[in-house]
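S.K.: This structure is in structure tokens; I'll ask about it shortly.
Each value in this text was obtained by applying a stated rule to the coordinates, not by laboratory testing. Model, not experiment: these values are computed from the prediction.
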């Protein structure tokens, strides 16, 4: 007997429906799974056989064939255990085929029949809802993230016996719980926001201002200064002044974390992510990839902040891999079975010392000129050129340690950024989100200069050898500065400040390379 069960799979963060076709016929007793499967997906036949036996169902001595269609698309993961088992029970005549129609099944089977959490449920259920599927049955641990999607009924199960009973007598009669997203879950997630606040930072007004500009326009920023100057403190507090995630952005970011199996408690993300990989991270862990490709740190930081502390300690090849994501705001990974694209629209914040010991050019510096040159050359010119703001972070005076006056709070800064954000929404509509995302043509359209401002930019470009890309970044930064000031036109003062933050830390390279 032949039948089909609906399930789903994902490629990158995009998902598609999978038809799990099960056929039980006469022949040499065996169970085969086909359809371009990974090793863990192909091992489902052993898990299904033992799980069904442990709930009192023995497989017949027949030839069992399970095909996951479309067969030409590579499928990984363990989410096909449950739909394959249900399809097998239908083909054996133990369940009615009509009861499984218009329902999506996904879940991993334990050997005792329990249902375990799987990756990628959020994009799979979203695709199912878009295709008109009425309901889905998933592991209860995945229920909260699946219930975020509107237009589809979500049922969470802890054991396959629950699912079998529900398909025989009905969902409510079998006690299968329908999961609905409650406001409490969202509020709890919001209340879990970090306690880090810009008010904790004493002094460093110039760097705080640079962080405000970066947050207002989603600009990349490089911080250069001695140890203990507050570079890491400021970077870690950047998410506290960023605008909150919109509902669309929240689903987009949560889908990435769902594919990675990193949604804590199954709740979607309400605040912008902050990702800080260690400097020993490999290229695949930062960019994404692997034998079975997964999103890297740049994609986990999507719509948030990617913080690279001790930037020169990262491998030169790893840093150069960031060129494309910084420019295109996406990552493309090529494999023999197809190409995968991950989103990577983030603010990159790099922090580094000016020399190996960290104290150049002060008297405490013991580094030779050769050591300083070798250290600074680890950051290639193309990477520095992609930084919108390169800010020198001076050492903090000892008196600041005993200063009890707190700085401006994140809430106060965030209000100014919200006003700048509303100006960008009015300007761009739905095409763009932030000034940092403007293309060359959009930069020319929205960053028009008067004669004085244009003259100042020309002088800066010639004097400091600013590249064409650098000039466009100065214009985008100036646009964000003008938005923070509530002004529609960019004037010479905005250009001056943008040029200053572009070159503030550039002197270290000019003197030594």
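S.K.: Evaluate the relative contact order of the chain (contact order divided by residue number), counting alpha-carbon pairs under 8 angstrom at least 6 apart; express in whole percent.
M.R.: Over the chain, the number comes to 13 percent.
S.K.: Another question, if that's okay. Once you have a ≥ b ≥ c as the square roots of the Cα gyration tensor eigenvalues for region 377-490, tell me rounded if a/c is under 1.5, and otherwise prolate or oblate according to whether a/b is larger than b/c.
M.R.: Oblate, since a/c reaches 1.5 and b/c is not below a/b.
S.K.: What 222 nm value per residue comes from the helices of the chain, counting each DSSP H run with n ≥ 4 as -39,500 (n - 2.57) and dividing by all residues, nearest 500 deg cm²/dmol?
M.R.: -11000 deg cm²/dmol
S.K.: On a 0 to 90° scale, report how tilted helix 451-464 is relative to the longest principal axis of the chain, with both axes built from alpha carbons and the result rounded to the nearest 10.
M.R.: Result, in degrees: 90.
S.K.: Using a ≥ b ≥ c from the Cα gyration tensor of region 177-316 (square roots of the eigenvalues), is it rounded, prolate or oblate, where a/c under 1.5 gives rounded and otherwise the larger of a/b and b/c decides, a/b for prolate?
M.R.: It comes out oblate by the Cα gyration axes.
S.K.: Taking region 406-453 as the region of interest, what is the percent of Cα-Cα pairs per 5 angstrom bin, listed from the shortest bin to the one with the maximum distance?
M.R.: 5, 18, 20, 18, 16, 12, 8, 3, 0
S.K.: What is the percent of Cα-Cα separations in region 118-158 that go past 14 Å?
M.R.: 31 percent
S.K.: A further question on this structure: Let me know the Rg and Dmax you get for region 54-117 when you use only its Cα atoms, in Å.
M.R.: Computed over the Cα atoms of region 54-117, radius of gyration and Dmax are 12.6, 35 Å.
S.K.: Can you tell me the 0 to 90 degree angle between the C-alpha axis of helix 81-91 and the longest principal axis of the chain, rounded to 10?
M.R.: Tilt of helix 81-91: around 20 degrees.
S.K.: Give me the number: length gained by fully extending residue 276 to residue 316, i.e. 0.36 nm times residue separation minus the C-alpha to C-alpha distance, one decimal in nm.
M.R.: 12.7 nm
S.K.: Would you mind checking the tilt of helix 468-484 against the longest principal axis of the Cα atoms of the chain, expressed as 0 to 90 degrees and rounded to 10?
M.R.: Between the helix axis and the principal axis of the chain, the angle is about 90 degrees.
S.K.: Same structure, new question: Classify region 2-181 as rounded, prolate or oblate, taking a ≥ b ≥ c as the square roots of the eigenvalues of its Cα gyration tensor: rounded when a/c is under 1.5, otherwise prolate if a/b is larger than b/c and oblate if not.
M.R.: oblate
S.K.: Could you work out how far the C-alpha centroid of region 1-36 sits from that of region 430-492, in angstrom?
M.R.: 54 Å
S.K.: What whole number of Å gives the distance from the Cα centroid of region 359-389 to the Cα centroid of region 130-174?
M.R.: 57 Å
S.K.: Also: Give me the Å³ per residue figure for the convex hull around the C-alpha atoms of the chain.
M.R.: Convex hull volume per residue, Cα atoms: 168 Å³.
S.K.: Tell me the relative contact order for region 36-180 as a rounded percent, counting alpha carbon contacts under 8 Å between residues six or more apart.
M.R.: Once divided by the residue count of region 36-180, the mean separation gives 21 percent.
S.K.: Please report Rg over Rh for region 82-184, where both radii come from the alpha carbon positions and Rh follows the Kirkwood definition.
M.R.: My calculation of the ratio gives 0.94.
S.K.: Continuing with the same structure: For region 346-386, count the residues as N, evaluate 2.2 N^0.38 Å, and divide the Cα radius of gyration by that value, please.
M.R.: It is 1.32.
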